[in-house]
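What follows is a short report on a single structure.
The values are calculated or read from the model by the stated rules, or taken from the named source; none is laboratory data. It should be emphasised that the depicted structure is a prediction, and the values quoted were computed from it without experimental measurement. Virtual Cβ from ideal backbone geometry, glycine too; neighbours counted across all protein chains shown. These accessible areas exclude ligands, DNA and RNA; they are computed on the full protein's heavy atoms, side chains included. Shrake-Rupley method; radii C 1.70, N 1.55, O 1.52, S 1.80 Å.
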Amino acid sequence: MSRMARREARHGLLFILPWIIGFLAFTAIPLVATFAFTFLNISLSESEPLRFVGLENYRRLLGDGQAWASLLVTARFALLWLPVVVVLPFLLAVAINSRNVRGGGLLRVLLFMPYVVPFVAGALIWQNMLVEDGWINSALRRIGVAHPPSWLNDPTWVIPGLVLIGLWGLGSGIIINLAGLRAVPTHLYDAARLDGAGWWRRLRHVTIPMMSPVLFYTMILAVVDVMQYFLVPLVLFDGSGDPGGATRFFNLYLYQTFFTFQEMSYGSTLAWLLFVITLIVTLVLFRLSRHWVHYTSER
Amino acid sequence: MTAAPAATVRERAGATPPAPARPRRGRAALYWIAKHAIAIALAIMFLGPLVFIALTAVMSDQQALTSRLWPDAWNWSNFAEIFEKTPLLTWIGNTIMYSVLATVFMLLSSIPVAYALARFRFRGRRLAFLLVITTMMLPPQVVAVPVYLVWARFHLTGTLWPLIIPMLLGDAFSIFLLRQFLVTIPREYSDAARVDGCGEFRTLVRVILPMAKPAIAAVALFQFFYCWNDYYGPLLYAGTDLDNWTLSLGLAAFRSVHRVQWNLTMAATVLAMAPVIVIFFFAQKVFIEGVKLTGVK
């Protein structure tokens, strides 16, 4: 190694040192600690002496109906939300990317508004729009729906209601997709057109393959986000899980185990379950991505 | 796809017996609306709620519970009432402190890390970058408890410091974003500075930083808005003392207490949003460039 290279390596390590310390202090060590907690009986509410309890927390988890019911709530939301959050921004971006749509700049600003609106404010606004006689239902009645759903009070409609609220946050996804679409070389479209490819085949054989890295990126982020979803229901229903437990998301249950019941060890067990599920799902997605994600500039 | 439909419309218009000019213009307007339907729908969807809160904020409390949309009377006093009922100025002050300090700390700590990951060749660089990405995707709940217990040991729970101090040690998302931008700056610039005898740190400050201004501005804005709107962090750490609360916490609590007074809740919402919306309008270009950066592979 030359002197120059050694100097460079030394500076590199020096520059990233603060982050390494931060990573150890706030990520790596706590992650291990959380895992260690799952074998102990830490609980701030009862002052039992600290001891090793073996697999006791895991046994409790297996028999904890609420934990699995909550996981099901999260899964139900994810099944409805993930297709929406990945596909809709893409389709909307394709629609407004067309050259003869004007006012793109202004629209982009509007798409971003929700991002700067405090999330609590956004939740409250939508709650007001979704109530029995809110704007959404007035609009539905006007177009002929005689009995629009009672979005936030009906256990079957509250999940679609939360998806509706989530639509407000699609702006950044649309912008990312728009940027991706602009990067698709136009000569590919010209070539496809020369070959007589219609609108659908250009989308299917040019746009989607070229956009696959962007779609994959939004999908991974969406999966990570959806596993952590609980703040909107927490604000809307004060953490009660109303209506009828339909919004007691896994993370809400986890949060309450930690901070309401102060059961640190059992909460850690729940957190690890969440972590392992997230990890497995993302790994499966990465594995599957080999079959459909195309990187053009492989280096 | 672009020009063809327009041509057909014109042809059809020409083929029909000479029609008076007005309907044709009406048809063009209809066509324009059809073409922009999705854009218009999106605009309504994203703007509607904002109009809704702004209007509700100035209604009387009885009217806020009805479905009449236009305020019967403009109750500007609603805003004054918020200041009487809540320590709003304290909350704004806390939110500003949290957002500004966290952003400044994040920039100070993350820029050198991102630069090293983008430019320096050393063993373990790929691993370090992989760890940055992993940290970004890690559910915060998995590390929340041990970290919380440590802050409690230092008697810092009940304040916002546990959210601010870690920013001195870098933020994974910002590092990732900055690194993505910094790798696009040609190596020749830093090499030239080095040949001129410029130290690594001076190269970063004098040569690289001026070139990376757009990315730095974007990352700073992201962090600022994130902190301004953060609910989860203050919920964990700010505790029960109202004097340590941020706007988000205050707003959620205000809703719980003044449940029936939608007009006041919405007035508080308007006050909480106003500063960031103003900043956003001045900085929206930087911001949108930043989001595009996140999508770059």
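Within the stretch A:235-258, the set of residues being open to solvent by 20 Å² or more (accessible area, probe 1.4 Å) and farther than 19 Å from A:Leu31 by Cβ comprises A:Phe237, A:Asp238, A:Ser240, A:Asp242, A:Gly244, A:Gly245, A:Arg248, A:Tyr253, A:Gln256. Just one residue in the set B:Thr56, B:Thr8, B:Thr66, B:Thr95 is within 13 Å of chain A (Cβ to nearest Cβ) and modelled with pLDDT under 80; that residue is B:Thr66. Identify the residue in the stretch B:107-136 that is surrounded by 19 or more Cβ atoms within 10 Å (Cβ to Cβ) and among the small types (Gly, Ala, Ser) and, among all such residues, is nearest to the chain's Cα centre (by Cα). Out of the qualifying residues, it is B:Ser110. Checking the stated criteria, A:Leu110 turns out not to satisfy the condition of being exposed (fewer than 13 other Cβ atoms within 10 Å of the Cβ), within 14 Å of chain B (Cβ to nearest Cβ) and under 30 Å from B:Trp262 (Cβ atoms).
Quick grid of which residues meet (1) open to solvent by 60 Å² or more (accessible area, probe 1.4 Å); (2) in a helix (DSSP H, G or I); (3) farther than 15 Å from B:Thr269 by Cα; (4) of a type outside the set (Ser, Thr, Tyr):
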| position | (1), (2), (3), (4) |
| --- | --- |
| B:Arg27 | yes, yes, yes, yes |
| B:Ala39 | no, yes, yes, yes |
| B:Met45 | no, yes, yes, yes |
| B:Ala54 | no, yes, no, yes |
| B:Gln62 | yes, yes, yes, yes |
| B:Phe79 | no, yes, no, yes |
| B:Trp91 | no, yes, no, yes |
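Kindly evaluate B:Trp74 against the criterion of being without any contact (Cβ under 8 Å) to a residue 24 or more places away in the chain, open to solvent by 10 Å² or more (accessible area, probe 1.4 Å) and among the aromatic types (Phe, Trp, Tyr). Taking the combined requirement at face value, the residue satisfies it.
The helices (runs of 4 or more DSSP H) falling completely within the stretch A:1-93 that include 2 or more residues that are out of contact with any Gly (no Cβ under 8 Å at 6 or more places or on another chain), open to solvent by 90 Å² or more (accessible area, probe 1.4 Å) and within 11 Å of another protein chain (Cβ to nearest Cβ) map to A:3-23, A:29-37.
From (1) closer than 17 Å to A:Asn97 by Cα; (2) surrounded by 20 or more Cβ atoms within 10 Å (Cβ to Cβ), pick out the condition that doesn't hold for A:Val232. Condition (1) is where A:Val232 drops out. Look at the stretch A:138-157: where a residue is more than 14 Å from every other protein chain (Cβ to nearest Cβ) and a partner is part of a loop (DSSP other than H, G, I, E, B) and open to solvent by less than 40 Å² (accessible area, probe 1.4 Å), sitting 6+ places away or on another chain with Cβ atoms under 7 Å, you get A:Asn153/A:Pro243; A:Asp154/A:Pro243; A:Pro155/A:Pro243; A:Pro155/A:Ala246; A:Trp157/A:Pro149; A:Trp157/A:Ser150; A:Trp157/A:Trp151.
Is it the case that the stretch A:201-215 has a residue that's open to solvent by less than 20 Å² (accessible area, probe 1.4 Å) and either touching a Ser or Thr at 6+ places or on another chain (Cβ under 6 Å) or among the basic types (Lys, Arg) (or both)? Checking the stretch A:201-215: not a single residue is open to solvent by less than 20 Å² (accessible area, probe 1.4 Å) and either touching a Ser or Thr at 6+ places or on another chain (Cβ under 6 Å) or among the basic types (Lys, Arg) (or both). Exactly one residue out of B:Leu130, B:Leu169, B:Leu160, B:Leu177 is within 25 Å of B:Ile216 (Cβ to Cβ) and at the interface with chain A (Cβ under 10 Å from one of its Cβ atoms), and it is B:Leu169.
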